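Worksheet: the structure to be examined is printed underneath.
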Amino acid sequence: MVAGPLAGTGTADTGSTPVARPGGATATLTGLTVADRAVLRIDGRRQELPAGLFAMTVDGGGTLKTYGVDLHSPAQENAAYAETSWSQTSLGANPAAGKIRWILQHSYPQVDDLTALAKAAGSGPLTRETAAAGTQVAIWRHSDRARVDALDPAAERLADWLGKQARYVPEPPPSLSLESPVVAGRTGTRLGPVTVRTGAARVTVAGPADTTSGVRVTGADGRPVTSAVNGGRLWFDVPAAAAPGTASLTVQVTTTVPVGRAFAGVTKSQTQILAGSSESTTTATATATWAKKGPIPALSARKNCAAGGVDITAVNQGDAAFAFELLGTEHYVPPGAVRTVPVPLAEDQAYELTLTGTDGFVKAFDGLLDCATTGSTLAATARKDQDRDPGAAGGTPAGPLTAGTVPMGGGEDLAATGASGATPMIAGVALGMVLLGGTALFLLRRKEQAAAEEGPYAEE
């Protein structure tokens with residue numbers, strides 16, 4: 001039917017419309033718990049920084065262990081995270097992402113026999129702290145292409161060994177996700193399917209809390225279901241007498257999140273990759289909208305890292321056209337048609353996109369576009385500056401590419417890099433990016449408004 005709602009971000013409707021969440025574990029960053037020191041070298045400068053293993057607390061129960069994959073971006077204390085696919089992060093455009101997963105599978109904490117790990121790597125004795133530091137350094141070399149070394153000799157030898165041995169391993173499956181979690185259609189029909197994807201043997205399924213509508217959740221055979229397996233297809237069975245409305249179903253499972261799954265910050269915080277998981281509770285929600293006649297829209301949003309923005313998709317399952325306005329432009333979706341509207345955004349830009357439509361329809365999608373490592377973003381900015389002024393700083397940023405830190409309660413830094421005198425410079429660059437993004441949206445809106453004047457349903 002439609003692409004899933006934006007992973008890792010919130011979606012909201014006015015009124016009491018249920019909100020679809022396509023799945024994956026959600027968690028809160030606890031801190032940098034097992035770490036040693038490393039040295040980052042940029043443009044002839046040397047900077048010491050902590051390197052090691054983070055901890056997260058899963059919403060609903062469970063714990064996660066993660067490493068950072070964006071060296072220059074700070075990890076925010078108590079930041080909220082959501083499990084997501086590699087394509088929704090900087091890993092999606094990184095051909096070395098599969099090697100990072102190999103490193104995770106063959107080092108600490110997946111290999112917790114440190115004597116055996118040290119023997120395999122020929123590193124010399126390892127502690128939990130130096131093993132974590134060496135593993136993080138090896139990951140940074142692939143995720144950020146950074147010139148970074150572990151301070152401890154054994155940790156450095158471990159990092160070298162991991163880098164040389166690493167082989168490509170495919171992206172792991174999600175702990176739980178729903179394909180097409182937003183559906184719509186007419187009363188008297190079954191709406192769907194919503195397809196379950198999970199590595200667990202079985203998940204529980206709960207139907208609408210409000211039973212007055214008579215809507216049931218069924219399988220492909222039309223019988224009510226309370227559980228499903230991987231690949232299972234779920235339907236909303238809507239009686240012909242049901243009044244126009246909406247309902248949701250919830251799928252839940254307690255399982256181990258696969259090593260190598262990405263976790264993106266709901267707000268700006270260093271992207272993480274999973275190194276270990278306890279049994280954790282994961283929930284996903286799908287929604288359905290129905291009516292007897294007229295436009296019956298199902299709307300969703302998905303981050304498009306390849307295009308640098310967000311794609312808004314509208315499906316109209318009704319018998320009349322659905323019109324909605326986005327950023328000053330009105331879009332028209334005929335009965336039975338699908339319409340996707342790309343919205344370009346600046347990297348690291350927080351956004352809220354509100355759609356207004358027929359009969360007072362309002363829906364909002366918000367989130368953060370975080371598709372690249374901070375280091376690559378700043379390097380690209382520096383290259384553009386150099387192109388405009390060939391004499392500027394020899395084509396390199398003026399100072400270490402660090403983004404500051406967020407202190408932990410114990411005085412250690414949660415960030416992957418330590419604070420430096422470059423922090424004001426980075427803050428200025430980041431602010432400039434936000435302003436550039438705002439300018440781009442303003443120009444886009446002006447362009448779309450001009451197009452809208454050509455007709456009531458101007459296409460982009």
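The values are calculated or read from the model by the stated rules, or taken from the named source; none is laboratory data. As the structure is a computational prediction, the values presented were derived from the model and not from experiment. Using ideal geometry, Cβ is built from the backbone for each residue, glycine included, and neighbour counts are taken over all protein chains shown.
For the range 81-97, the set of residues classified as within 11 Å of the chain's Cα centre (by Cα) and not in a helix (DSSP H, G or I) consists of Y81, A82, E83, T84, S85, T89, listed by residue number.
Taken over the range 306-315, the residue count meeting the criterion of being in contact with a Leu (Cβ under 8 Å, 6 or more places away or on another chain) and either surrounded by fewer than 17 Cβ atoms within 10 Å (Cβ to Cβ) or outside any strand (DSSP E or B) (or both) is 1. If only residues of the range 272-304 that are closer than 25 Å to E352 by Cβ and of a type in the set (S, T, Y) are counted, the one that is farthest from the chain's Cα centre (by Cα) is T289. Considering only residues in the range 99-123 that are among the β-branched types (V, I, T) and in contact (Cβ under 8 Å) with a residue 40 or more places away in the chain, the one that is farthest from A262 (Cα to Cα) turns out to be I103.
If you filter the range 246-291 down to residues that are of a type in the set (A, V, I, L, M) and not in a strand (DSSP E or B), you find that the one that is surrounded by the most Cβ atoms within 10 Å (Cβ to Cβ) is V257. Within the range 189-214, if we keep just the residues that are more than 17 Å from A20 (Cβ to Cβ) and among the small types (G, A, S), the residue that is surrounded by the fewest Cβ atoms within 10 Å (Cβ to Cβ) turns out to be A201.
A search for C-beta distances below 8 Å between a residue of the range 185-214 that is at positive phi and any residue that is modelled with pLDDT under 90 and not in a strand (DSSP E or B), counting only pairs 6+ apart in sequence or on different chains, returns G192/M1. Scanning the range 65-80 for residues that are crowded, with 24+ Cβ neighbours inside 10 Å and over 16 Å from the mean Cα position of the chain (by Cα) returns L71, H72, P74.
Within the range 316-344, the residues that satisfy the criterion of being among the small types (G, A, S) and assigned to a loop (DSSP other than H, G, I, E, B) are G318, A320, A321, G328, G336, A337. Pairs linking a residue in the range 279-293 that is under 13 Å from D59 (Cα atoms) to a residue that is of a type in the set (K, R), with Cβ atoms under 7 Å and 6 or more positions apart or on different chains, are A284/R21.
Applying the selection to the range 248-270, what residues are closer than 19 Å to R101 by Cα and either touching a Phe, Trp or Tyr at 6+ places or on another chain (Cβ under 7 Å) or without any contact (Cβ under 8 Å) to a residue 40 or more places away in the chain (or both)? So that I can check it myself, show each step before the final result.
Keep residues of the range 248-270 that are closer than 19 Å to R101 by Cα, which gives 256-264, 270.
Residues satisfying the conditions are A262, F263, A264.
Could you list, in sequence order, the residues of the range 236-247 that are closer than 24 Å to F361 by Cβ and either over 27 Å from the mean Cα position of the chain (by Cα) or free of Cβ contacts under 8 Å to residues at least 24 places away in the same chain (or both)? Give the derivation first.
Filtering the range 236-247 down to residues closer than 24 Å to F361 by Cβ leaves 236, 238-247.
Passing the criteria: F236, V238, P239, A240, A241, A242, A243, P244, G245.
Tell me yes or no: at least one residue of the range 215-235 is within 20 Å of A284 (Cα to Cα), within 23 Å of the chain's Cα centre (by Cα), surrounded by fewer than 21 Cβ atoms within 10 Å (Cβ to Cβ) and among the hydroxyl-bearing types (S, T, Y). Checking the range 215-235: not a single residue is within 20 Å of A284 (Cα to Cα), within 23 Å of the chain's Cα centre (by Cα), surrounded by fewer than 21 Cβ atoms within 10 Å (Cβ to Cβ) and among the hydroxyl-bearing types (S, T, Y).
Before we move on, is T218 closer than 22 Å to A291 by Cα and touching an Asp or Glu at 6+ places or on another chain (Cβ under 6 Å)? Let's see the steps before the verdict.
On the way: closer than 22 Å to A291 by Cα: yes; touching an Asp or Glu at 6+ places or on another chain (Cβ under 6 Å): yes.
Judged against the criteria, T218 is a match.
Kindly indicate whether G328 is crowded, with 22+ Cβ neighbours inside 10 Å and in contact with an Asp or Glu (Cβ under 9 Å, 6 or more places away or on another chain). Even if it seems obvious, please write down each step before you answer.
Details: crowded, with 22+ Cβ neighbours inside 10 Å: no; in contact with an Asp or Glu (Cβ under 9 Å, 6 or more places away or on another chain): yes.
When the stated conditions are applied, G328 does not pass them.
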